Amino acid sequence: MSNDDDNLYDKILLSKLLVGIGEVATITGIPQRQIRYWEEKGVITSVPAEKNASTRRYDYPTIKRIILIKELLDEGYTLKAAITKVGE
């Protein structure tokens with residue numbers, strides 16, 4: 001496999017990766033309550049739950065967005081300014 005094939009494989013794998021809210025909280029250091037709040041405000045979105053699923057699940061791009069917003073908040077940005085800087 002070439003590097004291009006590896007990169008494509010990684011992108012496909014990452015696009016299928018779904019992580020529960022508890023794991024996202026652990027990865028990002030952001031409490032679940034705050035993640036839910038951001039979702040309620042439309043800052044982030046979870047992947048639609050499967051039938052009878054009881055937990056929110058997030059994909060890689062959303063987790064990356066959460067981390068970027070947190071870094072900006074840690075630097076002193078307001079949530080609104082961080083969202084603007086990351087892009088809506």
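The values are calculated or read from the model by the stated rules, or taken from the named source; none is laboratory data. This one's a predicted model, so the numbers in the text were calculated from it and none came from an experiment. For accessibility, only protein heavy atoms count, side chains too; no ligands or nucleic acids. Shrake-Rupley method; radii C 1.70, N 1.55, O 1.52, S 1.80 Å.
Quick notes
- Rounded to the nearest 10 Å², the accessible area of residue 85 at probe 1.4 Å: 130
- Each residue of segment 32-46 was assigned a 3J(HN,Hα) from its phi angle through the Karplus curve 6.51 cos²θ - 1.76 cosθ + 1.60 (θ = phi - 60°); the sequence is 4, 4, 5, 4, 4, 4, 4, 5, 4, 7, x, 5, 9, 9, 9 Hz, with glycine and proline shown as x.
- Subset of 64/85; 41/85; 41/70; 16/80 violating a 21 Å alpha-carbon distance limit: 16/80
- Probe 1.4 Å, all protein chains present, accessible-area order of 28, 78, largest first: 78, 28
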